[in-house]
Every structure is written in C-alpha cells, then in structure tokens.
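Notes follow once the structure below has been shown.
Any read-out appearing in this document is the output of simple, stated calculations on the displayed coordinates, not a laboratory observation. Given the structure is predicted, the values throughout are model-derived calculations rather than measurements. No Cβ is skipped: glycine too gets one built from the backbone with ideal geometry, and neighbour counts run over all protein chains shown.
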Amino acid sequence: MIPPLDLGGMSLQTEEIADLDEKYSYSSEELSLLNPAKIPKHIAIIMDGNRRWAKQRNLPLMMGHWEGAETLIDIVRSASDLGVKTLTAYAFSTENWVRPEEEIEALMEIFELYLIRKREAMIQSGIRLNSIGDSTRLPQRVLDALNQTKEATKQCDKIDLVLALNYGGRDEIRRSLTKILDLHRQHPLQNHEITEDLIAKHLDTSPWGDPDLLIRTSGELRLSNFLLWQLCYTEIYVTDVLWPDFAPKELLDSILAYQCRDRRRGGGLL
C-alpha cells in the first residue's frame, strides 16, 4: 500500500480517493471547427502554473501539483479523441532539484501514486506510457511504478503519453553526444557522417519525432530548457490559463490556432 500523501493537512491515499476519470467528449459542433487533415500528430506541453493555482486558492502548494496531475489524463484522452498520436508533457526538469527537499519528496510521492492510480485508466483509454530524461536520479519506488505502468500499457495504441522526468534539453543533447562517442569508439565516424539525422536518432524523442505544436500554460514566454533541439520548427501556443484549469476546450482552442498558421521552415528577412 502507498503511504498517505500529506498535502499540508490534507491526505490522499489510493483507496480513499474517488475516481475522477470522466471522459470528455467533444460535441459535433466543436469537432466541425477542426480540419481533420491538419491535426498536430505530436503535441508537447509545458504544464506551468500549478503552484500559482494553489496560492490563488490559499491551498497547500502540493494541491496544485496534484490537480495538475489530474488534469493531464483528461487532456491526453481529449487529445486522443482529436486524433493526436503523441503528447509529451514536461513533468519534472533537471532544474527542479533545487526546490525545497520537502517539495521534491512530495512530488515524487505524487508521481508514484499517479502512475499506480492511473494505470488501469490508461489501459482502458489506449494510452501507452513512455518517458524521456535521465531516470537514474529518480527514487527506486518511482522507477518501479514507471516501469510497471510502461509494461502494463505497452500494447495500447491510441496515443503515446511521454513524460519528461528529470529532463533537460541541454542534458539530453549532452547525453546524445555521449551515445555518438560510444558509437564512434566501435565504428569510427567521419566528419561528414555527423549529421543532424544522426544526432536526432540519438535523442530521447527519436521514436516520436519532433512536436508539431508546443503549448505553454500560465502565460510564461520561455522554453525552460525543454526539447531545445526538437522545437526548432514547432508552432508555439501560449495561454494565460494555469495548468490545473487547462480543460479540453483550451486544448481545442490551441489546435484551432495551430490550424490557422502557415507552417514554414527557415527564417531571416527574405
């Protein structure tokens, strides 16, 4: 049994929590607004604003993180309903380790509890769980829950949920270079063989490719060391909505905004 999670006087325990997994269905009117041929296949999300959400409601900070975790499963299901095939969510960055120790410990408890609680819901919804980042620093109990949920959902095929855990864009590029160096030791590479494709092949995200759309909640206008290589040509959508309040309607709005853009590669003045 997972121990109760203390959220500043509030407690969460698996058998005590009512299941809030209610599937959102878009209306035919909402769906008619979309161009089915222009649905982004891969969406990345920076889930920002959990702590701000809690402070606005005079709640413990961890309640913001818990509500943010509850929001994620609804958004993944809604994305799947719209035809999205991969959703990559920034769950814990390499920079987050500088937060207070008690907050980090509570976050790890949330990750463990969430991965166990949502396992059956993921299976029922066809959600295949994956992860990116350097998992070696995560507590063993979180790794166990992560690996068990990956194994349980590996046959699911509606949508891939990719959790970025202990992830940093610069660290990912560094790790990809170490993999290429290992390859070079086995089979010496020539300069012309060090291509963008070779680097991309050794990134954590290689199975899913680059995102078509990045969504950032809470109004912040920065990438925060997230998918620095992959977001080169990704369309960016920023909303002031805090992540726990980000609903399927906001997801629909972000995709509608994406569909109105003329996607082009390149830059400069000409």
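One table, with the values for the structure above:
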quantity	calculated
Projected area averaged over orientations for the chain, convex hull of C-alpha atoms, nm²	17.0 nm²
Sites residue 70 and residue 173 - FRET efficiency at Förster radius 35 Å, r taken between beta-carbons, to 0.05	0.60
Stretchable slack from residue 182 to residue 263, in nm (0.36 nm times residue separation minus alpha-carbon distance)	25.5 nm
Normalised alpha carbon radius of gyration of the stretch 37-81 [divisor 2.2 N^0.38 Å]	1.43
Backbone N within the stretch 160-177 under 16 Å of label point (7 Å from residue 104 Cα along the Cβ vector)	165-168
The stretch 177-228, Rg to Rh (Cα coordinates; Rh as Kirkwood inverse mean 1/r)	1.13
More than 18 angstrom apart: percent of Cα pairs within the stretch 147-190	55 percent
Global geometry of the stretch 128-270, whether rounded, prolate or oblate, following the gyration tensor of its Cα atoms and the 1.5 cut on a/c	oblate
Placed amide H near residue 227: partners under 5 Å, 5+ positions off or other chain	169
Qualifying lysines (Cα of each under 26 Å from Cα of residue 41; at least 8 residues distant if same chain)	23, 85, 118, 150, 154, 158, 201, 249
³J(HN,Hα), Karplus 6.51/-1.76/1.60, whole Hz, each residue of the stretch 217-225, x for Gly, Pro	8, 6, x, 6, 10, 8, 8, 6, 6
Protection-proxy order for peptides 189-196, 97-104, 225-232, 158-165, each taking the mean of Cβ atoms within 10 Å per residue, highest first	158-165, 225-232, 97-104, 189-196
